[in-house]
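The values are calculated or read from the model by the stated rules, or taken from the named source; none is laboratory data. Keep in mind the model is a prediction, meaning the values are calculated, not measured. Cβ coordinates were reconstructed from backbone atoms using ideal geometry, including for glycine residues, and neighbour counts include every protein chain displayed.
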Ligand code: 7RM
């Protein structure tokens, strides 16, 4: 059963509904344009004005911006002093927001809890004192491996309060992935819970941390939150209970005076090569930019309930569940569950329960829910919704139309927000109320952001011509580096196009000046909106004794967007079999986490390589998609052994 609606073509422009425009922050394209032009022409004045208006500073900056991208040096609000937790909490206590809900928590089984700004402030101050008592000092790294519970934002804000740098590890990651991250940033404390509950399933978080922390000298303390009361080991002298330490903690804790460029957090993200990189974000610019984008793009009003369905373990949760909304004084919903448990109407039931006004999710969730059928929506009251958002991957126009008609009832603008872990906040998105939308288009740059589409180092693309999306100059929430690896920072982002930040995405600009993203141009696969590096999955495969060489590509998947397809060459003595396939798939899951699980493994005797030894993934991708016609695989003349291509086509679907 599917509601009748006109499917938009990609050329259609949809004006924001009148009722929305009336109350919107920005009401016309001209207003946007004027402000945008000012933001790029008078860059420093613009940001100075915003920083003064939006953020509370202990001491004002000496200079707005100082940078040299050729050296990877980026400074915003030089010598300015502030504290992020002060801005997210304390300052609201002096206003009408003191008793407003800061966080509404909805548990996996429908339990719920609300924290007002005042209560949240108290919890954060207490936990900040717990951290201090465990020996955490300004500049120390704290790893956080928690489910989606209110204590997660409490832990983040407590770190920010005392100047510790948090590094959140998504609670779906394996012990090996935890270990890599904890070692890379040398975290001396890990915060976790006994177990997590998600979609009715229990995951042994503390066990995973125990495995990761075995023989890890850097880790001095593990703070354990009780979530399920499941059976776990507590190591004498190392492990302490969250609730016991909280009982002893004072609820007064002065916020540490931080420099605008002091690190706020490290978040690991996948790239085309090697292990995940520790993306480093700092204090002043990040806070200002996430707060401002929250206010303009989500257009939050004081009595709105705002819900971003991402996990806080990813950047979307950092910026748009915690820091942006709380700095704005909004009510932010933290949801522990999944879209389809116990039934595929879980999201809509939560929207109905809390009368959610602003709803921000990922195309992968929308595809799954659209597929489940509209009967799951028909009996739900979604009339509170005012604005819808999407993030994580390109949204196909059919899904966009469904979102617009079936979920938004034609009265909610859709903001398709493009950004990355590295950008800290949204760089390209419609401003609802001011920018007519177009299915599939992220549309226009946010204030102060100057995107360009390049053909090569010296040439820009023409209208409608796809090229490399780069950003001219920095913006306040740009990453400041790759933790502990300046060279990698330079090589990955700043060397390819000198003077510009390279995003790794392809895009074009159409005749309306609207940006449309076309996908990654590197070897990064986007699985359900999560980034997976091909190199990471390949190294997990070759870790297994049965595999000598592996090549991984992304294949289209109707729910996940892209799925992982792995070609493997087996070691001597191993036979191609269905059991071995299963073994390898499980091995990848155990070594990285469930999101990295390949859809299929294809055993081959050779891989298509150029004479210089580079794997031609283009060919592997096409064969994985089902192409059997050799003439449609493009140029294969540079291959060292062209016969390999026939072999790969012949063995598809077999062992
Ligand atoms: C926020 C986030 C970043 C990559 C990025 C893109 C893709 C994200 C969109 C999108 C098309 C969008 N951070 N991406 N948003 N592609 N339209 N609106 O997702 O670091 O995890 O991923 O995701 O390829 O480079 S991320």
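Counting only strands (runs of 3 or more DSSP E) that sit wholly inside region 409-502, those with at least 3 residues that are more than 13 Å from the ligand (Cβ to nearest atom) are 450-456.
In region 308-329, of all residues being in contact with a helix residue (DSSP H, G or I) (Cβ under 7 Å, 6 or more places away or on another chain) and assigned to a loop (DSSP other than H, G, I, E, B), the one that is nearest to the ligand (Cβ to nearest atom) corresponds to 310. The set of residues from region 539-560 being within 20 Å of residue 583 (Cβ to Cβ) and touching a residue at least 24 places away in the same chain (Cβ under 8 Å) comprises 540, 541, 543, 544, 545, 546, 547, 549, 551, 552. Residues considered: 76, 105, 47, 61. Of these, the only one that is touching a strand residue (DSSP E or B) at 6+ places or on another chain (Cβ under 7 Å), within 30 Å of residue 373 (Cα to Cα) and surrounded by 13 or more Cβ atoms within 10 Å (Cβ to Cβ) is 105.
Is it the case that residue 524 is closer than 24 Å to residue 621 by Cα, at pLDDT 90 or above and within 15 Å of the ligand (Cβ to nearest atom)? So that I can check it myself, show each step before the final result.
On the way: closer than 24 Å to residue 621 by Cα: yes; at pLDDT 90 or above: yes; within 15 Å of the ligand (Cβ to nearest atom): yes.
Yes, satisfied.
Whether any residue in region 600-615 is part of a loop (DSSP other than H, G, I, E, B), under 30 Å from the mean Cα position of the chain (by Cα) and surrounded by 20 or more Cβ atoms within 10 Å (Cβ to Cβ) is what I want to check. No.
For region 273-298, the set of residues classified as crowded, with 24+ Cβ neighbours inside 10 Å and away from the ligand (no atom under 16 Å from the Cβ) consists of 282, 283, 284, 285, 287, 288, 291, 292, listed by residue number. Of all residues in region 395-435, those being under 30 Å from residue 277 (Cα atoms) and buried (at least 22 other Cβ atoms within 10 Å of the Cβ) number 15. In region 416-444, the residues that are farther than 26 Å from residue 481 by Cβ never reach a residue that is in a helix (DSSP H, G or I) and near the ligand (Cβ under 10 Å from one of its atoms) with C-beta atoms less than 6 angstrom apart, at least six apart or across chains.
Which of the following residues is more than 28 Å from the chain's Cα centre (by Cα), farther than 29 Å from residue 354 by Cα and not in a helix (DSSP H, G or I): 57, 61? Step through it out loud before you land on a result.
Numbers: 57 fails: more than 28 Å from the chain's Cα centre (by Cα).
Exactly one of 57, 61 is more than 28 Å from the chain's Cα centre (by Cα), farther than 29 Å from residue 354 by Cα and not in a helix (DSSP H, G or I), namely 61.
Confirm whether residue 508 is assigned to a loop (DSSP other than H, G, I, E, B), at negative phi, within 16 Å of the ligand (Cβ to nearest atom) and surrounded by fewer than 21 Cβ atoms within 10 Å (Cβ to Cβ). Considered against the rule, which asks whether it is assigned to a loop (DSSP other than H, G, I, E, B), at negative phi, within 16 Å of the ligand (Cβ to nearest atom) and surrounded by fewer than 21 Cβ atoms within 10 Å (Cβ to Cβ), residue 508 comes out as no. Taken over region 616-655, the residue count meeting the criterion of being outside any loop (DSSP other than H, G, I, E, B) and closer than 23 Å to residue 580 by Cα is 11. Surrounded by fewer than 18 Cβ atoms within 10 Å (Cβ to Cβ), within 15 Å of the ligand (Cβ to nearest atom), in contact (Cβ under 8 Å) with a residue 12 or more places away in the chain and under 21 Å from residue 430 (Cα atoms): is that true of residue 513 in this structure? So residue 513 does not fit the description; no.
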